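Read through the structure below, which is laid out as structure tokens, and then see the notes.
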Amino acid sequence: IDIIKEYNPDLLLLRQVDMETTRANKVDRPKEVATATGMKYFFAKAFDYQGGGYGNAVLSKFPIEETLDLALEGIAPPAGTNAQEVRSMAMITVKIDEFNKLVFAGTELDATATDEKHRAKQVNEILAVTKSQTIPVIFGGNFNFNTLTNGAVYNSIKEQFTFGCWGTGCPLNSPKAAPTGIYDFITYKSANDRITVANYTTLSKTTSAFLPIVAELKLVLLDK
């Protein structure tokens, strides 16, 4: 919470979040963060866990008008093998002012390193939802592929979204002690190019194994 307050974001994705689980001492962690930072929040539970829930949370300084919790189950594994962990996408529509709204969505895709088909199915489920949005969309998260590899997931996302940064010139964020790759990304889309990137970087303070990715995005506001 102290680190988030220092960074002071307008929109925030918290992934791998416990809500009222035993290991979290029954604390509603997304609510605690939102209360401490003065933000609104929405928690998208991927699955029940230890008497509570586990998933992703999105927070906003702007009022939240709509929410969506999208379960991402991936492809059913062969008989006799372990099931893939269910993931989730948290999506909110926020009101900036009388004439302007935007969608903010966040996720963490399947982490299977050697097989991309689960991530590909999950991201296609997400893109089917975001495709219908007519207002600006910011979509981020841990897509669980390295920026140095262009695979099916990257190719699918870039058909609809622009990556805030891509390639060898982008800031590395994992592992935090001596980063060698990028696994968290911030992307966006808007009609008439209303979104531009003013800054895209990592920040040094974190309680995670990953450095946080931060994007300063500028949105052209409508006046009617």
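Side notes on the structure shown:
- Computed [θ] at 222 nm, deg cm²/dmol, the chain (DSSP H ≥ 4; -39,500 (n - 2.57); rounded to nearest 500): -5000 deg cm²/dmol
- Sum of side-chain charges, residue 199 neighbourhood, beta-carbon under 11 Å (Lys, Arg +1; Asp, Glu -1): 0
- C-alpha center-to-center spacing [segment 5-21, segment 164-224] in angstrom: 16 Å
- Listed peptides 130-140, 203-213 appear in the order 130-140, 203-213 once ranked by packing, highest mean of other Cβ atoms within 10 Å at the front.
- Counting only protein heavy atoms and a 1.4 Å probe, segment 104-224 has 49 square angstrom of accessible area per residue.
- Evaluated over segment 90-224, the count of Lys pairs having alpha-carbon atoms less than 18 Å apart is 15 (only pairs 8 or more residues apart or interchain).
- Mean Cα-pair separation over length for segment 1-58, i.e. relative contact order, pairs under 8 Å, 6 or more apart, %: 40 percent
- Whole-percent carbon and sulfur share, accessible surface of the chain, 1.4 Å: 50 percent
- Among 85-98, 28-41, the order from most to least packed when residues are scored by Cβ within 10 Å on average: 85-98, 28-41
- Label of the coordinate-derived value, Rg and Dmax of the Cα atoms in Å, listed as [x] 17.1, 58; [y] 18.0, 54; [z] 16.2, 49: [x]
- Burial order of peptide ranges 11-22, 185-196 (average beta-carbon count within 10 Å, highest first): 11-22, 185-196
- Only the Cβ atoms of Lys and Arg (+1) and of Asp and Glu (-1) were treated as charged; on that basis the dipole of the chain about its Cα centre amounts to roughly 200 debye.
- Accessible area of segment 6-77 divided out per residue, in Å², using a probe of 1.4 angstrom: 53 Å²
- Each Lys and Arg contributes +1 and each Asp and Glu -1, all at the Cβ; summed about the Cα centre of segment 110-184, the dipole is approximately 60 debye.
The values are calculated or read from the model by the stated rules, or taken from the named source; none is laboratory data. Please read all numbers here as calculations on a predicted model, not as lab measurements. Here the Cβ is made from the backbone with ideal geometry for all residues, glycine too, and neighbour counts use every protein chain on show. Surface areas here come from the heavy atoms of the whole protein model, side chains and all, with no ligands, DNA or RNA. Shrake-Rupley method; radii C 1.70, N 1.55, O 1.52, S 1.80 Å.
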